[in-house]
């Protein structure tokens, strides 16, 4: 097994409160799913993640906070996301409608638009990369001494 430093990294949203809440939700076990916009992967020329892959999730300071293992990766239209998946995102969404509103807002945000070079057109058929994961291990190297 490789050392955790060798793992590909995963960054949730942008550094700041949104990322911090996401990392905390993974550590607490509330967050077991995440969604990416397929267009971002294509623009970055990044291969899509696959089930079984492990990632080191970074905090806002760029430090490894937790290691996750992907259990399932699906490319689906936004309209296919159901309430169960929305709740698994661990952001307090009551249902898929709340998930959709938040993700449409994020995918159209300035940060995403700057990265893509345009504001993406988001609708029912927009393809997203829906991922379910489990915590593989917390990044013990950064733990603040004995618990």
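So here's what we get for this one:
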| read-out | value |
| --- | --- |
| Relative packing of 31-42, 73-84, which averages over residues the other C-beta atoms within 10 Å, highest first | 31-42, 73-84 |
| Pair residue 75, residue 118: separation of 7 Å Cα→Cβ label points (nm) | 1.9 nm |
| At 1.306 mPa s and 10 °C, Stokes diffusion of the chain via Kirkwood alpha-carbon radius, µm² per second | 100 µm²/s |
| Segment residue 82-residue 95, length gained on full extension (0.36 nm per residue, minus Cα span) | 3.9 nm |
| Computed lengthening from residue 24 to residue 137, 0.36 nm per intervening residue step minus Cα-Cα distance | 39.3 nm |
| For segment 11-62, the spread of Cα positions along each principal axis, largest first, Å | 30, 24, 17 |
| For segment 4-134: relative contact order, % (alpha-carbon pairs under 8 angstrom, 6 or more apart) | 32 percent |
| Label-point separation, residue 109 to residue 45 (7 Å along Cα→Cβ), nm | 2.6 nm |
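None of the figures in this text is laboratory data; all of them are computed from the coordinates on show. Here the structure is a predicted model, which is why all the values come from computation and not from measurement. Heads up, the Cβs are rebuilt from the backbone with ideal geometry, glycines too, and the neighbour counts pull from every protein chain shown.
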